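Read the structure below first, then the notes.
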Amino acid sequence: MELAPGARIHLIAACGTAMGALAGMLRERGYRVTGSDTHVYPPMSTFLSQIGVCVQEGFDADRLEPPPDLVVVGNAVSRGNPEVEATLARRLPYASLPEVLREHFLRHRLPAVITGTHGKTTTTAMAAYLLSQCGQDPSFLVAGIPVDFPQPYHLGAGQAFVIEGDEYDTAFFAKHPKFLYYLPHTVVINNIEFDHADIYADLAEIERSFRQLVNIIPANGLLLANAEDPTVAGLLPAAPCRVETFGLQDDADWGAENVVTASDGMAFTVRHAGSRLGSCRLAHHGLHNVRNALAALAIAIHGGATAEAALAAVGGFGGVRRRQERVGTVAGIELIDDFAHHPTAVAATLAAVRLARPVGALWVLFEPASSTNARALFEDQYAEAFRAVDHCLIGRVPRPERARRDPPFSPERLAAHIGRLGGDGRYIPEAADMVTTVVQEVLPGDTVVFMSNGGFGGVQRLLLAALQERYGTPA
């Protein structure tokens, strides 16, 4: 996959976070980059325009004239896409995003690949932040928008390359996980649960993918594993490298002691290999974030940071957009946005919010936007997760075709199930109607959590504006 200086690279489906980051990295290497997508809108479209990447709306075979030197095919497109068809028919060189990352950015670095069903993005961003604050200047690629960096990627001078390792498939021509391409030197496995029901039949299939990943860690590499996850534990005996565990258990190699919850986050003491390294504060709530921090600290310290410097840096970590992100506060009503792609993550987020906001009613506005959430698969688990909140408003499934042959998710059925469990579940299909309902019923001191990995009709912005109008608060 050799490319001459100034070569033209065209990205099909260019506006996802990872593809947009790749576009920026390629531009930094001096390549001419163009792209196409069906959703060309800010902030990614603005960012790409600012760095000189022209991305056009829609797909058109004429975009491949004159022929680019390489076409990068995103995993969101498939056969039938006019640019994909033209690429194949004209025998143009093409590759997937992970292939390009491997050959042009990872091969001569020491990749730290952050994996797991939950916590990948936050742990990746935190590890990159700690290494950066401790003078290691890592490269990184975060599949989200980190608060602490101006963009979701960086090409640093250090040896470490921190990258989020997704178990989702790579491209229509490569139906296996992205993380198998990333030449891991260090691997973090946060947890393993069933997810991505559109490509995996069951948990056993997902576990096999992680076994493959573990099997390609070099003997001089490192596996950092969640000590509290039984599925992860089953992978460890076959690991060909050094293994260290992290978690809240007493026997974890990287452990947290004296965990205290405060209004501004969590405080805890970090233990490694039986010795106390020191204490730190984390400006985020929830035990899951403590585990994320332990994994990030392990990466930073193994990557050359001193324990003292890494522990001191934890408190400055700002987080990632849409991961318990504060949208605003109006008349004491706190609005929080969260990605919420899986019932386990939802339950952990809600527990963390309750720790931070123990007084007042807790509202949840939920949009079942992911491919897995378009199926009935997790309805029972969502009902259990939402029964503890005071009010749960459930939106429509934005892309019901994602359920394919599986029984589709039913917002009405979930709302009724929550009611049978003693909670308040309501199906309100449209975002504007949700806003009306909340504005009419919410009280000062309440908390509203938006839960979706999709656009959700802009409900976050709409509700903030409606509350500001109701209470006469300046925007």
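The values are calculated or read from the model by the stated rules, or taken from the named source; none is laboratory data. As the structure is a prediction and not an experimental result, all values here were calculated from the model. With ideal geometry, Cβ positions are generated from the backbone for all residues, glycine too; neighbour counts draw on all protein chains shown.
Listing for the model above:
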read-out	value
Count - residues of segment 211-237 that are farther than 25 Å from HIS288 by Cβ and part of a helix (DSSP H, G or I)	3
Checking ALA21 against (1) over 24 Å from the mean Cα position of the chain (by Cα); (2) within 24 Å of PHE105 (Cα to Cα); (3) modelled with pLDDT of 90 or more, the condition it does not meet	(1)
Candidates THR261, THR170 - the one that is in contact (Cβ under 8 Å) with a residue 40 or more places away in the chain, touching a Lys or Arg at 6+ places or on another chain (Cβ under 7 Å), not in a helix (DSSP H, G or I) and not assigned by TED's automatic domain parsing to the domain that holds HIS342	THR170
Pick from segment 438-465, criterion crowded, with 18+ Cβ neighbours inside 10 Å and small (Gly, Ala, Ser), ranking: nearest to TRP363 (Cα to Cα)	SER452
Test for PRO150: is it out of contact with any Lys or Arg (no Cβ under 7 Å at 6 or more places or on another chain) and free of Cβ contacts under 8 Å to residues at least 40 places away in the same chain	yes
Among (1) more than 24 Å from the chain's Cα centre (by Cα); (2) assigned to a loop (DSSP other than H, G, I, E, B); (3) surrounded by 20 or more Cβ atoms within 10 Å (Cβ to Cβ) - the single one PRO240 does not satisfy	(3)
Verdict on ASN373 being in contact with a Ser or Thr (Cβ under 6 Å, 6 or more places away or on another chain), under 26 Å from ALA352 (Cβ atoms) and either surrounded by 15 or more Cβ atoms within 10 Å (Cβ to Cβ) or at pLDDT 90 or above (or both)	no
Scan of segment 351-367 for residues that are closer than 9 Å to MET451 by Cβ and not in a loop (DSSP other than H, G, I, E, B), ordered by number	VAL364, LEU365, PHE366
Verdict on ASN191 being touching a residue at least 12 places away in the same chain (Cβ under 8 Å), touching an Asp or Glu at 6+ places or on another chain (Cβ under 7 Å) and crowded, with 20+ Cβ neighbours inside 10 Å	yes
Only one of GLY35, GLY6, GLY24 that is surrounded by fewer than 19 Cβ atoms within 10 Å (Cβ to Cβ) and out of contact with any Ser or Thr (no Cβ under 7 Å at 6 or more places or on another chain)	GLY6
Residues of segment 267-286 satisfying the condition of being in contact with a Ser or Thr (Cβ under 9 Å, 6 or more places away or on another chain) and part of a loop (DSSP other than H, G, I, E, B)	HIS284, HIS285, GLY286
Residues that are over 30 Å from LEU277 (Cα atoms), β-branched (Val, Ile, Thr) and buried (at least 21 other Cβ atoms within 10 Å of the Cβ), drawn from segment 337-349	VAL346
Residues that are surrounded by fewer than 24 Cβ atoms within 10 Å (Cβ to Cβ) and more than 15 Å from ALA225 (Cβ to Cβ), drawn from segment 292-302	ILE301
Residue within segment 313-330 that is buried (at least 22 other Cβ atoms within 10 Å of the Cβ), touching a strand residue (DSSP E or B) at 6+ places or on another chain (Cβ under 7 Å) and in a helix (DSSP H, G or I) present	yes
So ASN289, is it part of a helix (DSSP H, G or I) and either modelled with pLDDT of 95 or more or surrounded by 22 or more Cβ atoms within 10 Å (Cβ to Cβ) (or both)	yes
Answer residue from segment 172-188, given it is aliphatic (A, V, I, L, M) and surrounded by fewer than 24 Cβ atoms within 10 Å (Cβ to Cβ) and is modelled with the lowest pLDDT among those	ALA174
